[in-house]
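Participant: First the structure, which I've put down as structure tokens, then a few questions once you've had a look.
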Amino acid sequence: MLHLRLSLIYALSIGTEVPCQTSEVQHMKILLASALLAFSAVTSFAADGPSIVGKWKIHSNIAGNESDSECTLTQTGNDIAGTCKGAEAPEAKVTGKVDGAKVTWQFDSDYNGTPLTIKYTATLDATGKVAGTVNVDPFGVEGDFTAIAEK
């Protein structure tokens with residue numbers, strides 16, 4: 001895709017000379033080509049940035065209780081879907097959102113028959129690391145977590 005954009009920009013910048021064409025028109029062509037090239041580079045880098053899609057090993061510390069789980073996440077537009085499974089919990093369906101580098105997802109579970117909603121709020125940094133807070137409703141207990149993509 002980037003190759004196609006660069007070819008288009010090159011074609012614009014070396015356009016055929018027209019006798020009535022002034023240096024101002026040529027300057028505008030070069031300016032337009034430069035702007036398109038800069039936009040192409042930015043969108044290419046953004047598309048190649050880190051992604052929340054894949055399998056993640058999650059380590060949580062909630063009120064001094066540490067636990068590990070694994071989530072498999074997919075993304076369609078800004079929506080996240082997938083599953084999470086803890087060591088002693090059944091697999092649960094995940095829903096969530098991506099808003100720039102901010103990522104949120106949640107799933108329902110239970111503890112000794114009491115329904116729970118586990119909510120993760122995180123930032124996905126440029127290296128692909130995910131870190132943030134986890135909240136357990138209805139108890140209002142909060143902790144922190146980190147997630148590492150499984151390779």
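Participant: Going residue by residue through segment 79-95, is there one that turns out to be within 26 Å of A126 (Cα to Cα) and not in a strand (DSSP E or B)?
Facilitator: No, every residue in segment 79-95 fails to be within 26 Å of A126 (Cα to Cα) and not in a strand (DSSP E or B).
Participant: Are there any pairs, at least 6 apart or on different chains, whose C-beta atoms fall under 9 Å, with the first in segment 127-147 and under 19 Å from N112 (Cβ atoms) and among the aromatic types (F, W, Y) and the second in a strand (DSSP E or B) and at pLDDT below 95, and if so, which?
Facilitator: Cβ pairs passing all conditions: F139/Y111; F139/T114; F139/L116.
Participant: In segment 62-84, which residues are more than 15 Å from I148 (Cα to Cα) and not hydroxyl-bearing (S, T, Y)?
Facilitator: I62, A63, G64, N65, E66, Q75, G77, N78, D79, I80, A81, G82
The values are calculated or read from the model by the stated rules, or taken from the named source; none is laboratory data. Keep in mind that what you see is a predicted model, and the values were worked out from it rather than measured. Virtual Cβ from ideal backbone geometry, glycine too; neighbours counted across all protein chains shown.
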